[in-house]
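The values are calculated or read from the model by the stated rules, or taken from the named source; none is laboratory data. As the structure is a prediction and not an experimental result, all values here were calculated from the model. Backbone-built Cβ (ideal geometry, glycine too); neighbour counts: all protein chains shown.
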2 protein chains.
Amino acid sequence: MTGTPDAEASVARRPSPPIIAVDAMGGDNAPAEIVRGAVMAVRELGLRVLLVGRRSEIAALLAEEGALRDIPIVHAEDNLAMHEGALASWRRPRSSAAVSCRLIRRGDADALVSAGSTGGIVATSTVRLRTQPGVLRPALAVTLPTGETPTIMVDAGANADAKPEMLVQFAHLGCAYAQTAFGVRRPRVGVLTIGSEPGKGNKLVRRATELLAATAEGPPAMDFRGNIEGHDLLARKVDVVVTDGHTGNVALKSVEGTAAFAMEAVHAALTSSTAAKAGALLQRRALRSLRERLDSETYGGAALLGLNGTVVIAHGDSRAKGVARACQLANDLSGGRIGEQIRRRVHSRPPNWLHRLAQSEAPGQRGGEQTEER
Amino acid sequence: MTGTPDAEASVARRPSPPIIAVDAMGGDNAPAEIVRGAVMAVRELGLRVLLVGRRSEIAALLAEEGALRDIPIVHAEDNLAMHEGALASWRRPRSSAAVSCRLIRRGDADALVSAGSTGGIVATSTVRLRTQPGVLRPALAVTLPTGETPTIMVDAGANADAKPEMLVQFAHLGCAYAQTAFGVRRPRVGVLTIGSEPGKGNKLVRRATELLAATAEGPPAMDFRGNIEGHDLLARKVDVVVTDGHTGNVALKSVEGTAAFAMEAVHAALTSSTAAKAGALLQRRALRSLRERLDSETYGGAALLGLNGTVVIAHGDSRAKGVARACQLANDLSGGRIGEQIRRRVHSRPPNWLHRLAQSEAPGQRGGEQTEER
């Protein structure tokens, strides 16, 4: 897994495609749909995948697909229940999620994909993979269905109570994502708040906006655009929307809920009369492609950024296709070395206030690395 | 304006329909659409309306409609600009909004309807009408388009930084709204947060949930349902959604933005091919009625609750129909005496912690009334 050391080490390291550990036991439709998704990721997307979970169950499902030879299985006897939250990570060291993290730490895998409970996966992977040097808190990044190049929202729920300095880091985590996954060179960044004029919003947002405005010039580069409102989320105004995990999670679920509500209402309207029904027949294909666009499964899931290893959390109700998409996202992020992007952004000329805070927060979690400058 | 004093004074007082002062100068389409909306409110809805603003402009517009004799004009030489915020209320004592508040204080009107900037109207009316005894902060209540009986969300943006005790009061303000405008006897209340399990959410939400759970038994009665998530907003799970103004405003605008986005996407999908276009012709009526349902103008606007007088803030881009709907809402709330409902809810057996807080907050704003018990 180690490349030849040379002058361009950061570019030449690990030329082989990343290995993705898929948590076969997480999600409402586990393990059947998860295993099927892993097979799809290997056969249709050409990715390198491991399945982690109860060997006998996984083997039986792989045999059904005739894929026993294509995907290695790593046994894990335990798994996190869907309702389990943060404490689960301590209680279940032999869960499929915990075993997957161990594979990443050992260098036997590069990324984890799970459709398990968000709280459980966030807690398990934060404790077992640890945050990258200098990163205050890992954050959940999701893509909003805005078209070709999605808008990324950070944090979508990992940190219900955030500090202004964390929001500044969330901006950089989001920028690293936009650069790695979508090739955006100078990501436009906005802070989610309640008005377009400067100074609008709660204390957290106002202070984070000041800090971002003061440090946006970089390096690392970022095109800071100030305030973004709820109705701008799908309007492609920025590449990265920064928010705390409480507001971000509510906004994300409001968007998802409203899209589902609207599609149902459209369906009802289009089949409300004979004439309308006849019309709907003529439009079946157009509506189906629209529904797919709004369907959260067409996006890969939420990426937990800032840890020593790539973690992608698929929707709990993911089916095979959703799992395969999550594997693709994990591959893109890990293969694009998002970790190095984040390290560069967080470590390059950290403003004093941010650096001090980075050292004082959770000192037990990091070694001497956080004082290393480049 | 005063009724006969008798034993049932609180029921028998003011039997005549409320008088609504319409701010003719507020909004993107003021004064033309505002005046037209006022005429519609009088002629089609049978409401009692005053127009407040520059007399000559209003008179000319009323003359066009042949309505000069139907609607009295109260002159106000100044008006708030759409971009003006909180300070505007101090700077412009002769604005149409300020003059409207004076009419309410004097008893010459019962309610204010304005399509002016939310920040400006909230500040102006809070300073000039003052909060009801015991109310910590006025809050913006909006209705979400969930069908026959809408779900009410409080606060939708008046208080970006809130305290747990305020959220408890927002719940009661919302219950008073649901009872007054929609006749809901025991409103179901939920707190907007980021998970369905108890204990999910930020510190504010967790503490407010504890307080609500401890005091929900009442009186005043409320059916407290615990956590509500973003995707539940349009699902009619509760009658009242409680949240701080930051989260609420972001959620509201996310819903509005997504609904608009979905309708545009549906339109594009339905006209993407000849077959689809032919289908769309057959469905024109069904789609139009759906669009109206999702259109924010079909709901009356945001109600600012907790002041000595009813205030309804219509969308800034309201046209005549939206203004007329806002007048209808103001009429329903004021005619249903929402102020008394709120007073009863806030004053009846206030828990000690709430009562103490009520007395310590902004003591200059209230007289001795807040110690009065019933």
- prompt: Picking from B:A214, B:A178, which residue would you name as being surrounded by fewer than 17 Cβ atoms within 10 Å (Cβ to Cβ) and closer than 20 Å to B:R344 by Cα?
  reply: B:A214
task: Check segment B:134-157 and report whether any residue there is more than 24 Å from B:V238 (Cα to Cα) and among the β-branched types (V, I, T).
output: no
message: For the structure I just gave you, tell me whether A:A158 is within 26 Å of B:E229 (Cα to Cα), of a type in the set (A, V, I, L, M) and in a loop (DSSP other than H, G, I, E, B).
response: yes
field: Residue tally, condition facing chain A (nearest Cβ under 7 Å) and either hydrophobic (A, V, I, L, M, F, W, C) or buried (at least 24 other Cβ atoms within 10 Å of the Cβ) (or both), over segment B:225-234
entry: 3
task: Run A:T151 past the list (1) surrounded by 24 or more Cβ atoms within 10 Å (Cβ to Cβ); (2) within 22 Å of B:G195 (Cβ to Cβ); (3) within 13 Å of the chain's Cα centre (by Cα) and report the number of the one that doesn't hold.
output: (2)
statement: Checking A:A109, A:A139 in turn, the sole residue that is under 29 Å from A:E256 (Cα atoms) and of a type in the set (A, V, I, L, M, F, W, C) turns out to be A:A139
- prompt: Is one or more of the residues making up segment A:221-232 among the β-branched types (V, I, T) and under 19 Å from A:A303 (Cα atoms)?
  reply: no
- prompt: Of (1) in contact with a Lys or Arg (Cβ under 9 Å, 6 or more places away or on another chain); (2) more than 14 Å from chain B (Cβ to nearest Cβ); (3) modelled with pLDDT under 95, A:G85 satisfies all except one. Which?
  reply: (2)
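Here is a yes/no grid of residues against (1) within 18 Å of A:L307 (Cβ to Cβ); (2) out of contact with any helix residue (DSSP H, G or I) (no Cβ under 8 Å at 6 or more places or on another chain):
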| residue | (1), (2) |
| --- | --- |
| A:V39 | no, no |
| A:L45 | no, no |
| A:R48 | no, no |
| A:V52 | yes, no |
| A:L61 | no, no |
| A:L68 | no, no |
| A:H83 | no, yes |
| A:R91 | no, yes |
| A:S96 | yes, yes |
